[in-house]
Amino acid sequence: MRKKNLLRLRAAAELVGLSPKTLRRFIAEGELKAYRVGKSLIYVDEQDVLALIRAVPNGADS
């Protein structure tokens, strides 16, 4: 089993160039798994955040 590299939302957002608010929306929609520590701290797995990034196909990719 792979060890999780958990990041706070702000750090995860900076990693992929998104806002923390966008990551919160992904969490609420079930697209990103999150882990709560205490009452308010939210962490996400770095690999799960990186998996959100997908290549956009274009005509040259066909």
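The values are calculated or read from the model by the stated rules, or taken from the named source; none is laboratory data. Note that the structure is a prediction, hence the values are computed from the model and not measured. For neighbour counting, all protein chains shown are included, and Cβ atoms are generated from backbone atoms with ideal geometry for every residue, glycine included.
The table that follows gives values for the structure above.
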item	result
Filtered residues of the stretch 7-55 (kept if assigned to a helix (DSSP H, G or I), among the acidic types (Asp, Glu) and surrounded by 15 or more Cβ atoms within 10 Å (Cβ to Cβ))	GLU46, ASP48
Matching residues in the stretch 9-32 - criterion: being farther than 13 Å from ALA51 by Cα and charged (D, E, K, R)	ARG10, GLU14, LYS21, ARG24, ARG25, GLU29
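For (1) at pLDDT 95 or above; (2) not aromatic (Phe, Trp, Tyr), each residue gets a yes or a no:
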site	(1), (2)
LEU7	yes, yes
ALA13	yes, yes
THR22	yes, yes
PHE26	yes, no
ALA34	yes, yes
LEU41	no, yes
ASN58	no, yes
ASP61	no, yes
